[in-house]
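Structure first, then comments.
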Amino acid sequence: MTETLLLLLLLFSLFIIAYIIIFFFTTTTTVLRLPPSPPSLPLIGHLHLLTPSLYKSFQSISSKHGPLLHLRLGPSGHLLLVSSASSAASIFKTNDLAFSSRPAFTFADRLPYGTSGFITAPYGPYWRFMKKLCVTELLSGRQLERSRSIRRDEIELSVKRVLENAGSAAAVDLGAELMKLTNNVTCRMVMSTRCSEKCDDADKIRKLVKESFELAAKLCFGDVLGPLKELSFWMYGKKAMDVSRRYDELFEKVMKEHEHKRSSSHGNGNEHRGDESERDLMDILLDAYHDAYAEFKITRTHIKAFFLDLFIAGTDTSAEAMQWAIAELLNHPESFHKVRKEIESVTQNVRLVEESDIPNMPYLQAVVKETLRLYPPGPVTTRECNQDCKINGFDIPEKTAVAINLYAIMRDPEVWEDPNEFHPERFLKEKENQSSDYDCQNDAKRVAFDFVPFGAGRRGCPGTTLAFSLMNTAVAAMVQCFDWKIGEDGKGEKVDMQSGSGMSLGMVHPLICIPVLHFNPFDE
């Protein structure tokens, strides 16, 4: 006990000494007009105002002190907190280029993929090359059309699994089922059907994604510890290295399988393109890897890091968003039946709903959009200022980290009526007020920046169209085919809508329901 106390006193003393050194050696005579700042404490700054539910603590701070704030995190960390649509527009549009990078992760250079990922890459040749590849090849309309059958197959398999539970009146964990669906879709789009058919690769990736989220939250804490940030890596670095190693082994195996397929199908693997309809994302990236004339020479590590980004950004978050949508529909039976009636009017209940039906289902789209407004997959998105600039008349120094609270922006009472209420009709009214070419499903060009579930600007999510397509179709299938009794015993009255902590916006309690068959699309 005494040794522990002495160690804590030593660490605290080092913290104070480091703070004093930083204060005296970073003091500058330049007077900056920084955004307003809430009252802070010595050494820790505003850290005492933060909770594990970062988006909620940010929302609380901004509601009391304003939509544009300067926060101090520890002795040397500075953060610009953005919590309104108008301020977000200054980041996403007016100064998009100045905020086109993300803050560097403290220990990125020590992890195998730490500096090679697309999501966290600084704005430069590599990021621009990969963004162009996403838009023109990886996540283009053409490629999404090719992979439509994959999404249809996986939704059918998911419905069949739930049908088994319905037949035995057994409860199903909808969150786990939707996670399996999104992960298998991503696996097949990225690495073809072999991922979900061999060696339980999909299940391995699912577990690795969960571990990655948990570790990232712990390691990110090192960013605010100033001179003591090494403690974070000392505690969790070894486990992070182990997770990265397991990812690497899995992706390397898949890459070698694809390269073997390429070489066996053609004498020269660099020239092989194969059947266009069967090419997955790995094939496209391997083409770029072997292209001697590519704008940027990507490495095997770049490919693996990109796929890691895809799985982390596109599986857990999408599954959580679908889970929230179904939960809200169960808590609002009138909305549930409106969605079902709309589906039946389009499909006549002679077949399972399909992706091509979604444009004819405006209310379903409104439900998904309202869900994303209330529960954005990434409630806080980050940027970094790469040059001195001004926002709303305030000075923003170069290298300032920025946190844009999408959760707060889309629940802003000055913009949204009854902002915390589930009311899909608000998007139908909005659509009526838009021009005839307004697309309820695609808000990438929305200029108000009050609905930004996937961010916006250069660093906005390139997979927005894919996410909308999968979410709409999967939610529709679960509404079309099943009624749902809430809870393991089916006697629950309402779904508990408490949201948890962490980097994504998940439900605290699993969504456990008993499915009751309403329509079997596989009956002959």
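The values are calculated or read from the model by the stated rules, or taken from the named source; none is laboratory data. All values derive from a computational prediction rather than experimental measurement. Ideal geometry is used to build each Cβ from the backbone, glycine not excepted, and the neighbour counts take in all protein chains shown.
Taking Ile358 as meeting all but one of (1) modelled with pLDDT of 95 or more; (2) buried (at least 24 other Cβ atoms within 10 Å of the Cβ); (3) part of a helix (DSSP H, G or I), write down the number of the exception.
(2)
Applying the selection to segment 478-513, what residues are closer than 15 Å to Trp324 by Cα, touching a helix residue (DSSP H, G or I) at 6+ places or on another chain (Cβ under 9 Å) and either assigned to a helix (DSSP H, G or I) or among the aliphatic types (A, V, I, L, M) (or both)?
Met478, Val479, Ile486, Val495, Met497, Leu505, Met507, Leu511, Ile512 - these are the residues of segment 478-513 that are closer than 15 Å to Trp324 by Cα, touching a helix residue (DSSP H, G or I) at 6+ places or on another chain (Cβ under 9 Å) and either assigned to a helix (DSSP H, G or I) or among the aliphatic types (A, V, I, L, M) (or both).
Answer with yes or no whether Arg245 is assigned to a helix (DSSP H, G or I), touching a strand residue (DSSP E or B) at 6+ places or on another chain (Cβ under 9 Å) and either loosely packed, with under 15 Cβ neighbours inside 10 Å or at pLDDT 85 or above (or both).
No: the conditions fail for Arg245.
Among the residues of segment 339-354, write down those that are farther than 25 Å from Leu505 by Cβ and in a helix (DSSP H, G or I).
Arg340, Lys341, Glu342, Ile343, Glu344, Ser345, Val346, Thr347
Look through Lys56, Lys64 and report the one residue that is surrounded by fewer than 22 Cβ atoms within 10 Å (Cβ to Cβ), part of a helix (DSSP H, G or I) and either under 20 Å from the mean Cα position of the chain (by Cα) or of a type in the set (Asp, Glu) (or both). Quick ask: steps written out before the conclusion?
Details: Lys64 fails: either under 20 Å from the mean Cα position of the chain (by Cα) or of a type in the set (Asp, Glu) (or both).
Every option except Lys56 fails the conditions.
All but one of (1) in contact with a Lys or Arg (Cβ under 8 Å, 6 or more places away or on another chain); (2) surrounded by fewer than 24 Cβ atoms within 10 Å (Cβ to Cβ); (3) outside any helix (DSSP H, G or I) hold for Tyr363; state the number of the condition that does not hold.
Failed condition: (3).
Suppose we filter Thr299, Thr315 for residues that are of a type in the set (S, T, N, Q) and more than 24 Å from Arg148 (Cβ to Cβ); which single one remains? Talk me through it step by step, then tell me what you get.
Working: Thr315 fails: more than 24 Å from Arg148 (Cβ to Cβ).
Selected residue: Thr299, the only one of Thr299, Thr315 that is of a type in the set (S, T, N, Q) and more than 24 Å from Arg148 (Cβ to Cβ).
Please determine whether any residue of segment 18-28 is within 32 Å of the chain's Cα centre (by Cα) and either at pLDDT below 85 or in a loop (DSSP other than H, G, I, E, B) (or both). Please lay out each step first, then the result.
Of all residues in segment 18-28, those within 32 Å of the chain's Cα centre (by Cα) come to none.
So far as segment 18-28 goes, no, none of its residues is within 32 Å of the chain's Cα centre (by Cα) and either at pLDDT below 85 or in a loop (DSSP other than H, G, I, E, B) (or both).
Can you name the residue in segment 377-428 that is part of a loop (DSSP other than H, G, I, E, B), of a type in the set (S, T, N, Q) and touching a strand residue (DSSP E or B) at 6+ places or on another chain (Cβ under 8 Å) and, of all such residues, is farthest from Met497 (Cα to Cα)?
Among those residues, the one meeting the criterion is Asn386.
Run down Ser87, Ser100 and say which single residue is in contact with a strand residue (DSSP E or B) (Cβ under 8 Å, 6 or more places away or on another chain), small (Gly, Ala, Ser) and under 14 Å from Asn392 (Cβ atoms). Reasoning before the result, please.
Numbers: Ser100 fails: under 14 Å from Asn392 (Cβ atoms).
Exactly one residue qualifies, and that residue is Ser87.
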